[in-house]
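The values are calculated or read from the model by the stated rules, or taken from the named source; none is laboratory data. This structure is a prediction, so every number in the text was calculated from the model and none was measured. Don't worry about glycine lacking a Cβ; one is built from the backbone with ideal geometry, like all the others, and counts go over all protein chains shown. SASA here: full protein model, heavy atoms, side chains in, ligands and nucleic acids out. Shrake-Rupley method; radii C 1.70, N 1.55, O 1.52, S 1.80 Å.
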Amino acid sequence: MSNVEHEHGPDCDCPDCGDPRSMDFLDKYLTVWIFGAMAIGVGLGYIVPGVTQPIQDFHLVEIGLIVMMYPPLAKVNYGQLPRVFAQWRVLSLSLIQNWLLGPTLMFGLALVFFGGIVPGLPARPEFFLGLVFIGMARCIAMVLVWNDLADGSSEYAAGLVAFNSVFQILTYGIYITFFALVLPEALGLETLTAGIAEFEITAGEVFEAIAIFLGIPFAAGILSRYVLPVSVGIYSQYAGTGIHGGEWYEENYLPTIDPLTLVALLFTVIVMFATQGGKIVAEPGNVVLIAVPLTIYFLVMFVVSFAMGHRIGADYSTTTAIGFTAASNNFELAIAVAVAVFGIESSVAFTTVIGPLIEVPVLLSLVYVALWLQRTVDWRGHTTGQLDSTKPTSAGDSAADPITEDD
């Protein structure tokens with residue numbers, strides 16, 4: 001996907017419009033590569049179970065995630081972030097979706113499937129807790145990849161991720177305590193919390209996870225955006241090459257690093273699936289059982305959030321960033337907390353690991369749904385939160401009027 005700015009109409013088939021007919025080879029068959037990577041990872045973990053230890057020792061999942069997030073964050077125009085944070089309608093909508101709708105929906109699904117309140121579905125406290133841990137952790141990583149693939153706004157995705165990160169540091173421990181301990185007991189479902197008095201999760205522990213998975217690629221993206229063009233410009237003046245640093249960055253550097261996102265995504269999927277390959281093969285029934293509420297969650301959150309963004313008049317790129325930010329989850333944090341509290345071999349930790357295994361194919365499918373909506377939905381007049389006031393809202397329209405906060 002490039003950053004060429006024009007309207008994406010229903011008949012537009014240029015390379016910048018997300019039309020599958022015009023995608024390059026890697027993008028066009030991404031679904032095949034993803035499922036192939038999943039199969040390789042599961043097979044590797046099942047056939048060579050000892051591979052899990054070196055993956056953990058060398059932090060291969062963490063490295064893959066950081067590399068995967070770097071290109072999308074290098075694309076961000078950080079000078080636009082103050083305008084992103086000034087858009088109270090978009091931020092308020094994201095706040096409602098991420099910190100009210102998302103946690104409540106996941107708690108409800110965990111209760112229905114594993115709370116013992118539905119005939120035929122016995123109480124499974126470990127699976128219930130695992131889903132709660134996932135639902136309370138708002139996404140800060142892979143959402144940048146899904147948003148980038150779907151041609152969403154890099155600035156809004158980065159801004160909303162940063163916004164959620166700060167909120168997460170302050171509230172994650174409170175949220176899981178309320179939804180995993182207080183609320184079940186208030187509903188008379190003490191069996192779901194038997195033997196658990198409290199979760200010792202500090203803001204510092206949450207901050208550490210966010211600093212690793214978001215802070216490192218964010219810092220790399222900011223440094224790249226501001227240091228590389230200046231360095232190239234200085235070198236150009238010295239060497240007399242006539243290269244403009246900003247143009248070189250947009251036209252040469254970004255296209256060069258862009259494939260890193262998908263390559264690192266495939267690598268991360270392989271090593272992530274390899275760590276649980278044995279359990280996935282040994283417990284396929286439990287994988288399916290956990291997958292059902294997770295799939296419902298991802299689909300409902302995306303559809304509702306996308307519809308809410310469209311309803312307030314947000315343009316496609318902003319609506320897409322809103323939708324994917326709300327639908328994704330910070331599985332790195334959920335896994336880390338589950339392992340710290342219950343241990344790596346626990347069913348709670350297993351449940352949190354199933355989260356990204358389901359999220360990857362479902363969110364990838366929603367990328368194609370978003371691209372289809374980009375071409376088929378009428379986006380004329382949708383300018384709420386628009387950062388580029390000169391971009392036309394439809395083919396043939398004149399430039400949109402500058403957007404103010406009250407528009």
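Counting residues that are within 17 Å of the chain's Cα centre (by Cα), among the basic types (Lys, Arg) and at pLDDT 90 or above, which helices (runs of 4 or more DSSP H) fully inside segment 238-349 reach at least 2?
In segment 238-349, no matching helices (runs of 4 or more DSSP H) lie anywhere.
Which of (1) over 29 Å from the mean Cα position of the chain (by Cα); (2) open to solvent by 70 Å² or more (accessible area, probe 1.4 Å) is the odd one out, the single condition residue 202 does not satisfy?
(1)
All but one of (1) out of contact with any helix residue (DSSP H, G or I) (no Cβ under 7 Å at 6 or more places or on another chain); (2) open to solvent by less than 10 Å² (accessible area, probe 1.4 Å); (3) not aliphatic (A, V, I, L, M) hold for residue 365; state the number of the condition that does not hold.
All conditions are met except number (2).
Looking only at segment 228-260, which residues are among the hydrophobic types (A, V, I, L, M, F, W, C) and in contact (Cβ under 8 Å) with a residue 24 or more places away in the chain?
228, 254, 257, 260, listed by residue number.
Here are some conditions: (1) over 20 Å from residue 137 (Cα atoms); (2) at pLDDT below 90. Residue 167 meets all but one. Which one does it not meet?
It fails just one condition, (1).
Test residue 191 against the stated conditions and say whether it is of a type in the set (S, T, N, Q), assigned to a helix (DSSP H, G or I) and open to solvent by 10 Å² or more (accessible area, probe 1.4 Å).
In short, yes.
Given 194, 157, 220, which one is in contact with a Ser or Thr (Cβ under 9 Å, 6 or more places away or on another chain) and aliphatic (A, V, I, L, M)?
157
Please give the number of the condition residue 140 fails out of (1) more than 20 Å from residue 66 (Cβ to Cβ); (2) in a loop (DSSP other than H, G, I, E, B).
Answer for residue 140: the failing condition is (1).
Being in contact (Cβ under 8 Å) with a residue 60 or more places away in the chain, of a type in the set (A, V, I, L, M) and closer than 17 Å to residue 78 by Cα narrows it down to one of 194, 150, 158, 209, so name that one.
After applying the criteria, what remains is 158.
When the residues of segment 33-53 are filtered to those that are at pLDDT 90 or above and either in contact with a strand residue (DSSP E or B) (Cβ under 6 Å, 6 or more places away or on another chain) or among the β-branched types (Val, Ile, Thr) (or both), which remaining residue is nearest to residue 267 (Cα to Cα)?
40
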